[in-house]
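Report on the following structure.
Taken together, the values in this text are just the output of simple stated rules run on the coordinates, not laboratory data. What you see is a predicted model; the values in this text were computed from it and never measured. No Cβ is skipped: glycine too gets one built from the backbone with ideal geometry, and neighbour counts run over all protein chains shown.
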């Protein structure tokens, strides 16, 4: 079973396909869960604290906006943990932690330059594209150890 | 560790969120369930939820989709009842992706049908012929 990071990191379609085919999908809700259910966390809704932008310095420079660094504190550890990645281009909706385009560019760059197997697919807008997406993802995941 | 998962039905699926909720109520698992317009949210211990999710997926393997959720159901930081209304932040992503779910669902179903067609027919079992037995003995002791 491989750990597969998906982009967008909140994608239901990709995370479901990965889990369906017996691998572990690395998604943001897993990281958010640690932030909101751990004992001793700051009072709600401050589940992202000033500590996160400091942790984000590992992936982004100090002059990069703190929003990018805060998001990277969640997504960065997942990229480091990943054995493979699936990037879906043209996703129609990016909100929450995926709502920052600079972060998204950095995330895609880090996934592509990590040296792990990466599959890039397009967001399906019709039946034939959906079939192609499912086939490509299945073939890619079957090739992983 | 307690985890939370969304169980989301494709708009074309014959399974309703209430069917899933009733199945969970009738199961032996100790979990919290919240029924929503797009599916259900379940919360419980990780091994229990993983087992339950497999059972639920079997209701409609190509029409039910599972997604992780960070916040537990009804969490005051996300529950719209406590925040003065409006959709909760993660809902927009689900709404956006659910438009593609019928096509993905049909693609998964056709993949499954193709795999069934491609699978070789099981070999017919019959009595072992004397020639075949002789061949096996020869290859074993040669």
So residue B:53 fits all but one of (1) more than 9 Å from chain A (Cβ to nearest Cβ); (2) out of contact with any helix residue (DSSP H, G or I) (no Cβ under 8 Å at 6 or more places or on another chain); (3) part of a helix (DSSP H, G or I); what number is the exception?
-> (1)
Criterion: touching a residue at least 40 places away in the same chain (Cβ under 8 Å), exposed (fewer than 14 other Cβ atoms within 10 Å of the Cβ) and either in contact with a strand residue (DSSP E or B) (Cβ under 6 Å, 6 or more places away or on another chain) or within 13 Å of chain A (Cβ to nearest Cβ) (or both) - qualifying residue of B:61, B:11 = B:61
Filtering the range B:77-128 down to residues that are farther than 16 Å from residue B:37 by Cα, part of a helix (DSSP H, G or I) and more than 9 Å from chain A (Cβ to nearest Cβ) yields B:82, B:83, B:109, B:112, B:113, B:114, B:115, B:116, B:117, B:118
Test result for residue B:41, within 27 Å of residue A:17 (Cα to Cα) and outside any helix (DSSP H, G or I) | yes
Among the residues of the range B:17-31, the number that are free of Cβ contacts under 8 Å to residues at least 24 places away in the same chain, within 26 Å of residue B:104 (Cβ to Cβ) and in contact with a strand residue (DSSP E or B) (Cβ under 7 Å, 6 or more places away or on another chain) is 3
Test: residue A:54 is at the interface with chain B (Cβ under 10 Å from one of its Cβ atoms) and more than 12 Å from the chain's Cα centre (by Cα) | no
